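Trainee: Mind having a look at this structure? Questions to follow.
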Amino acid sequence: MPIKLYVMEKVESDDFPHGLMNSPRRYFYQWYIIAFTNLPLQLGGVVDFDPKANGLKGKSISRNGRYAQFALVAAKQALDDAKLDPKTLADPSRFGVIVGSGIGGIEWFEDNCNAFTKAGGGYSGLKVVDPFLIPALISNLASGVIAIEHGAKGPNYGVVTACATGSHSIGSALKHLRDGEADIMLAGGSEASITPLCFAGFCSLTAMVSKFNDSPQKASRPFDKNR
């Protein structure tokens, strides 16, 4: 899945890749664009990702956050690379999944907060809150939906350790293998946190460089001695 850089203040809503925000309410797209205007940092690395083109359909798209969609596709790719068909496993309880996320389905949280507030809260707000909000935003959903999709009945949970989540997930999976609790583990991390609130939060934290807005190719160089 290729990464593209977008200058947020110059992008129109129709220019964003399909499925950038898996929001049930269309107006979210509008304030998503507006929210990035005039922030110190105007760049973001957006995954050019179409869930349907990557084999997802129906409820896998409508009920899952973008991070869980990434995880579902990555899990299928991992199984294909390993030439492993879960249906052929003699004991599914020996097949586990540990896929974590630092912040989970944050776009669902922001979107539904917006909808709830815009409707005036209370019962009026309740009527616009998506019934799948809670499962969509929690960080262990990815492990769960992967297990359901592939019939994994072994160790299953999500690690949440910020930027170290993926590495910790792999380490935890290795421990289950080492201790004889599983024979096969799907492990890793998934994130989809380019949303207005998260973006503003990282800007406020001064955790992102803002001096390369006009030179996006220089904006992210973690191992460059001249960065």
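Trainee: Give me the distance in nm between label points sitting 7 Å out from Cα along the Cα-to-Cβ direction at Arg221 and Cys163, one decimal.
Mentor: Distance between label points: 1.8 nm.
Trainee: Using the 10 angstrom Cβ neighbour count as an exposure proxy, how do Tyr123, Tyr157 rank, fewest first? It would help to have the intermediate numbers written out before the result.
Mentor: Values: Tyr123 8, Tyr157 16.
Result, fewest neighbours first: Tyr123, Tyr157.
Trainee: Can you pull out the GluC sites (Glu not before Pro) in segment 92-183 whose DSSP state is coil and whose Cβ has at most 16 other Cβ atoms within 10 Å?
Mentor: Values: sites: Glu107, Glu110, Glu149, Glu181; in loops: Glu181.
Passing both the DSSP loop test and the Cβ count: Glu181.
Quick note: the coordinates plus some simple rules give every number you see, no bench work behind them. Values in this document were obtained by computation on a predicted structure and should not be read as measured data. Quick reminder, even Gly has a Cβ in these numbers, built from the backbone with ideal geometry, and neighbours come from all protein chains shown.
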